[in-house]
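Report on the structure given below.
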Amino acid sequence: MTPLIQNKSIVFADISAKRFPVSGEICLFKNSEGYVVHRAIRIFRRSDGSGEIIEKGDASLNFTLRQSCDLVGIVTSVSNQGCNIRFDNPLNRYLNKTYGLYWKIVYMLNKIVINITDGEQNRLQRFIINVFTRGVMVVFRMMTWLTIKESNSKNRQ
Amino acid sequence: MKDKIKKSTFYSFWQLAGFSLIIFITIPYFPVLWKSLTASQQRLAVNILYSGFAALGLYLIYYILRLSEQKYLRLLLLAFLSYLYAIMFTSLNQFPAEKFHLIEYGILAFLAFRHFSIKSNTRTAFLKSLSFVSCISVGDEFAQWISPNRVGTIEDVIVNMKSSLLAMAVIALILPVEKLRERLTRKDIVGLTYYFVVLTLFITAFITLVHEFGYEIRERNYYFYSSFPSEKLHELAVYIKDNKKDFSNMDMIKALRGEKSDNMKGRQKQLYKFVREASFHIYERDNAVEKKKYDKAVNESEIIDKYYYPVYAVVKSRLRMEKPVPISGASDSEIYKSPVKRELIYQITEKHFYIASACLIVFLFMANIYLRRQL
């Protein structure tokens, strides 16, 4: 979550909040190694009260899916070496929401990009090579066809 | 007729909005896609871009030759614009991916002009589309600032504005002369003032959030940016060398690691900033990413030896004591990724910048009020 949360920053989270976060809010999750503080990007709620949250750290492009039961609390403020940032004031709430909305839209592209850039020789490279080789093949075929046509017409004459 | 105008406004607006959205959402993934290509494929992509521009140029020559008025003047201007495009392309040789900004913002400027020219006259449409594209460019750089793998700077905003200006010049080249001669009315100017106020606010907010003000220090072989003028840098270096009580080696190592104490006073804050700047130069020297890696490293060494020598002396002694240790506290994330707090606005001070923006906004509002009274 750098640069917002740095080494030795103190994070205050409301663990009594029994609600789903809004897109863009910073949340405290528990995982197998301990706790992690990341930003909620997309929230999927089910009617039975359970759900899933897609979260992302500010310093990375990786989106992670977490179960709502892993959510411990919602971060209310961060203390960075004496400088306090509160997230419950209207300006920061609005900024967080805008930030969340932007990444929510970008998330739609995520799967497509991962799909085409994955693997040793990725799909994008294969696509470019295919288009290039096919283009060359088409030009070659056309030229062969034109040459044959020309020679045929000469033979007829 | 009204229905036709409404329909074309609707379509041009959604094309403009859609293209702007595409610019915004592809920001984090453009480097991912670019890096996934091999070097030869990247070259191929850039060559395709050049070919596209060449084809457009040929089409423009054909189009101009078919026009009845001022053919040769237009051809001369086209040659001049091609020269400007060539300069832009060569100036971006260091980062070839940036060349796509030229085409991106060219298309955006074209779409904006098409949208605004439906209801306003040509000159107003040019000015409106220029301010609109500049606002989008500032928004684009804001999005790059929050994106972990991009860097948002005012220099890029300027490059984008130049691209849109070039595209608009190309559009002006093929427009009929009567359209270009249409004069601005008072109503147009009133409308334009709102656009310019929004643009000024956008740029002020961007510079306030993303940049820091400082000084450009030029030498014969290199130049660099600093928060202090060169005399102050010398003074701070001597102060650090002589006054070990105020700023001990331990303080310096802490500053190199980016650890800030809570109770720092005026001079100590300056010294902390000085050490951080030194750490960035040491990092840049050891991780020069440019093509001319050796030159860059040599220049950075010169800068360190001349301006930041007491800090480097501590780093060197620390290296001798224990190995391996981090050479400086700076990292990729601080220098090349957001927030770009170390990219400095130089040659103008913070105070002058804010006064100038405030004056401009006040002037625009006053012009707006004065012109509205006369309508």
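Checking residue B:327 against (1) at pLDDT 65 or above; (2) crowded, with 17+ Cβ neighbours inside 10 Å: exactly one of these is not met. Which one?
(1)
Tell me, which residue of the stretch B:134-188 that is more than 13 Å from the chain's Cα centre (by Cα) and among the basic types (Lys, Arg) is nearest to residue A:2 (Cα to Cα)? Spell out how you get there, then give the answer.
Looking only at the stretch B:134-188, we keep the residues that are more than 13 Å from the chain's Cα centre (by Cα), and these are B:146-149, B:164-188.
Now drop any that are not among the basic types (Lys, Arg), which leaves B:179, B:181, B:183, B:186-187.
Values: B:179: 52, B:181: 53, B:183: 52, B:186: 50, B:187: 48 Å.
By that ranking, first place goes to B:187.
Any idea which of (1) within 19 Å of residue B:315 (Cβ to Cβ); (2) touching a residue at least 40 places away in the same chain (Cβ under 8 Å) is the one residue B:244 doesn't satisfy?
(2)
Just to be sure before I move on: is residue A:81 at positive phi and open to solvent by 50 Å² or more (accessible area, probe 1.4 Å) in the structure I sent?
Working: at positive phi: yes; open to solvent by 50 Å² or more (accessible area, probe 1.4 Å): yes.
Judged against the criteria, residue A:81 is a match.
Give A:105, A:114, A:128, A:148 a once-over and let me know the one that is open to solvent by 70 Å² or more (accessible area, probe 1.4 Å), within 14 Å of another protein chain (Cβ to nearest Cβ) and β-branched (Val, Ile, Thr). Before you say what the answer is, go through the steps one by one.
Details: A:105 fails: open to solvent by 70 Å² or more (accessible area, probe 1.4 Å); A:128 fails: open to solvent by 70 Å² or more (accessible area, probe 1.4 Å); A:148 fails: within 14 Å of another protein chain (Cβ to nearest Cβ).
One residue alone meets the criteria, A:114.
Out of (1) over 16 Å from the mean Cα position of the chain (by Cα); (2) over 30 Å from residue B:38 (Cβ atoms); (3) of a type in the set (Val, Ile, Thr), what's the single condition that is false for residue A:98?
(1)
Can you pull out every residue in the stretch B:19-39 that is farther than 15 Å from residue A:112 by Cα, of a type in the set (Gly, Ala, Ser) and surrounded by 11 or more Cβ atoms within 10 Å (Cβ to Cβ)?
B:20
So is residue B:224 aromatic (Phe, Trp, Tyr), farther than 19 Å from residue B:307 by Cβ and either crowded, with 18+ Cβ neighbours inside 10 Å or at pLDDT 90 or above (or both) or not?
Numbers: aromatic (Phe, Trp, Tyr): yes; farther than 19 Å from residue B:307 by Cβ: no; either crowded, with 18+ Cβ neighbours inside 10 Å or at pLDDT 90 or above (or both): yes.
Criteria not met by residue B:224.
Is it fair to say residue A:140 is modelled with pLDDT of 85 or more, open to solvent by 80 Å² or more (accessible area, probe 1.4 Å), more than 18 Å from residue B:28 (Cα to Cα) and hydrophobic (A, V, I, L, M, F, W, C)? Reasoning before the result, please.
Details: modelled with pLDDT of 85 or more: yes; open to solvent by 80 Å² or more (accessible area, probe 1.4 Å): yes; more than 18 Å from residue B:28 (Cα to Cα): yes; hydrophobic (A, V, I, L, M, F, W, C): yes.
For residue A:140, the condition - modelled with pLDDT of 85 or more, open to solvent by 80 Å² or more (accessible area, probe 1.4 Å), more than 18 Å from residue B:28 (Cα to Cα) and hydrophobic (A, V, I, L, M, F, W, C) - is met.
Is it the case that the stretch B:252-270 has a residue that's modelled with pLDDT of 85 or more and either surrounded by fewer than 18 Cβ atoms within 10 Å (Cβ to Cβ) or outside any loop (DSSP other than H, G, I, E, B) (or both)?
First, the residues of the stretch B:252-270 that are modelled with pLDDT of 85 or more: B:270.
Next, only the ones that are either surrounded by fewer than 18 Cβ atoms within 10 Å (Cβ to Cβ) or outside any loop (DSSP other than H, G, I, E, B) (or both) stay: B:270.
Within the stretch B:252-270, one or more residues are modelled with pLDDT of 85 or more and either surrounded by fewer than 18 Cβ atoms within 10 Å (Cβ to Cβ) or outside any loop (DSSP other than H, G, I, E, B) (or both).
Looking at B:73, B:49, B:60, B:81, which is the one that is in a helix (DSSP H, G or I) and either within 12 Å of chain A (Cβ to nearest Cβ) or open to solvent by 80 Å² or more (accessible area, probe 1.4 Å) (or both)? Before the answer, list the steps.
Working: B:49 fails: either within 12 Å of chain A (Cβ to nearest Cβ) or open to solvent by 80 Å² or more (accessible area, probe 1.4 Å) (or both); B:60 fails: either within 12 Å of chain A (Cβ to nearest Cβ) or open to solvent by 80 Å² or more (accessible area, probe 1.4 Å) (or both); B:81 fails: either within 12 Å of chain A (Cβ to nearest Cβ) or open to solvent by 80 Å² or more (accessible area, probe 1.4 Å) (or both).
Checking each option against the conditions leaves just B:73.
Looking only at the stretch B:84-94, filter to residues that are surrounded by 15 or more Cβ atoms within 10 Å (Cβ to Cβ) and under 12 Å from residue B:53 (Cα atoms); which one of those is modelled with the lowest pLDDT?
Our first condition is that a residue be surrounded by 15 or more Cβ atoms within 10 Å (Cβ to Cβ); within the stretch B:84-94, this holds for B:85, B:88-89, B:92.
Okay, now just the ones that are also under 12 Å from residue B:53 (Cα atoms), so B:85, B:89.
Details: B:85: 93, B:89: 90.
Residue satisfying both the conditions and the ranking: B:89.
Would you check which residues across the stretch B:132-175 are at pLDDT below 90, open to solvent by 20 Å² or more (accessible area, probe 1.4 Å) and part of a loop (DSSP other than H, G, I, E, B) and list them?
B:149, B:150, B:151
Checking residue A:87 against (1) within 30 Å of residue B:40 (Cα to Cα); (2) open to solvent by less than 100 Å² (accessible area, probe 1.4 Å); (3) among the aromatic types (Phe, Trp, Tyr), which single condition isn't satisfied?
Condition (1) is where residue A:87 drops out.
Return the only residue of B:245, B:187 being open to solvent by 30 Å² or more (accessible area, probe 1.4 Å), closer than 30 Å to residue B:139 by Cα, among the charged types (D, E, K, R) and out of contact with any Gly (no Cβ under 9 Å at 6 or more places or on another chain). Show your work before the answer.
Values: B:245 fails: closer than 30 Å to residue B:139 by Cα.
Answer to the check: B:187.
Restricting the stretch A:92-102 to residues that are in contact with a strand residue (DSSP E or B) (Cβ under 9 Å, 6 or more places away or on another chain) and more than 9 Å from every other protein chain (Cβ to nearest Cβ), which is surrounded by the fewest Cβ atoms within 10 Å (Cβ to Cβ)? Spell out the reasoning first.
Residues of the stretch A:92-102 that are in contact with a strand residue (DSSP E or B) (Cβ under 9 Å, 6 or more places away or on another chain), as a first pass: A:92, A:96, A:99-100.
If we keep only those that are more than 9 Å from every other protein chain (Cβ to nearest Cβ) too, we end up with A:92, A:96, A:100.
Values: A:92: 13, A:96: 20, A:100: 22.
Checking each candidate, the answer is A:92.
Any idea which of B:257, B:218 is over 21 Å from the mean Cα position of the chain (by Cα) and of a type in the set (Lys, Arg)?
Values: B:218 fails: over 21 Å from the mean Cα position of the chain (by Cα).
Being over 21 Å from the mean Cα position of the chain (by Cα) and of a type in the set (Lys, Arg) holds for just one of B:257, B:218, which is B:257.
Of the residues A:74, A:41, A:54, which is surrounded by 16 or more Cβ atoms within 10 Å (Cβ to Cβ), away from every other protein chain (no Cβ under 11 Å), in contact with a helix residue (DSSP H, G or I) (Cβ under 6 Å, 6 or more places away or on another chain) and of a type in the set (Val, Ile, Thr)? Steps first, answer last, please.
Numbers: A:74 fails: in contact with a helix residue (DSSP H, G or I) (Cβ under 6 Å, 6 or more places away or on another chain); A:54 fails: in contact with a helix residue (DSSP H, G or I) (Cβ under 6 Å, 6 or more places away or on another chain).
After applying the criteria, what remains is A:41.
Among the numbered conditions (1) under 20 Å from residue B:350 (Cβ atoms); (2) part of a helix (DSSP H, G or I), tell me where residue B:237 comes up short.
It is condition (1) that residue B:237 fails.
Collect the residues in the stretch B:1-44 that are within 14 Å of another protein chain (Cβ to nearest Cβ), more than 16 Å from residue B:106 (Cβ to Cβ), in contact with a helix residue (DSSP H, G or I) (Cβ under 8 Å, 6 or more places away or on another chain) and small (Gly, Ala, Ser), keeping them in residue-number order.
Result: B:36, single match.
The values are calculated or read from the model by the stated rules, or taken from the named source; none is laboratory data. The model shown is predicted, which means the values in this text are computed figures rather than measured ones. Virtual Cβ from ideal backbone geometry, glycine too; neighbours counted across all protein chains shown. These area figures cover heavy atoms from the full protein model, side chains too; ligands, DNA and RNA do not enter into them. Shrake-Rupley method; radii C 1.70, N 1.55, O 1.52, S 1.80 Å.
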